[in-house]
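One structure is given below, encoded as structure tokens.
The values are calculated or read from the model by the stated rules, or taken from the named source; none is laboratory data. Only a predicted model underlies this, so the values are computations on that prediction, with no experimental measurement involved. Neighbour counts are summed over all protein chains in view; Cβ atoms, including those assigned to glycine, are modelled from backbone coordinates with ideal geometry.
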Amino acid sequence: MNLKEIKRLIAIVEESKLSHFSIESDGTKIEIKKENTTVVTQVAAPQMTTMLPAQAAAPISDPASTPSEPVVDKNLKTITAQMVGTFYSAPNPEADPYVSIGSSIKSGQTICVIEAMKLFNEIEAEFEGTIEKICVNNADPVEYGQDLFIVRVN
């Protein structure tokens, strides 16, 4: 393994939720451990204010002034990256993409590839549906848990 590959491994472990990683290649064993550090942030408590009689008469919540809740479509599910790596929409540069917007997918169907440490990992759909949105571009780096596809489930 060369220094560039080792630095890439370190970056992948730093970006992921992994705390320990080891690999053995060509008789060389590399072990990377990440210490868990907890950051404590203190926030000052807001000061109490006195309400004037004119303010007390005002309604507590005015529906016209409160922002509306975003509409959540219960039929949409997200497929996320299962690892840190590079997203590929097709098996090779000359091939058609596995899926596109509007494609129907079935459980177990390969929908993309994520390359990590020179290994190409096929990502399979875990449910049936129709691709509504592709959240990343071909050859983009992705992080663990990053949204890849928005799917309307059947």
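Could you say whether any residue in the stretch 93-108 is closer than 30 Å to Ile23 by Cα, at pLDDT 50 or above and either surrounded by 10 or more Cβ atoms within 10 Å (Cβ to Cβ) or not assigned by TED's automatic domain parsing to the domain that holds Lys17 (or both)? Yes, that holds for at least one residue.
If you go through the stretch 101-147 and pick out every residue that is out of contact with any strand residue (DSSP E or B) (no Cβ under 7 Å at 6 or more places or on another chain) and either closer than 16 Å to Thr78 by Cα or not in a strand (DSSP E or B) (or both), you end up with 8.
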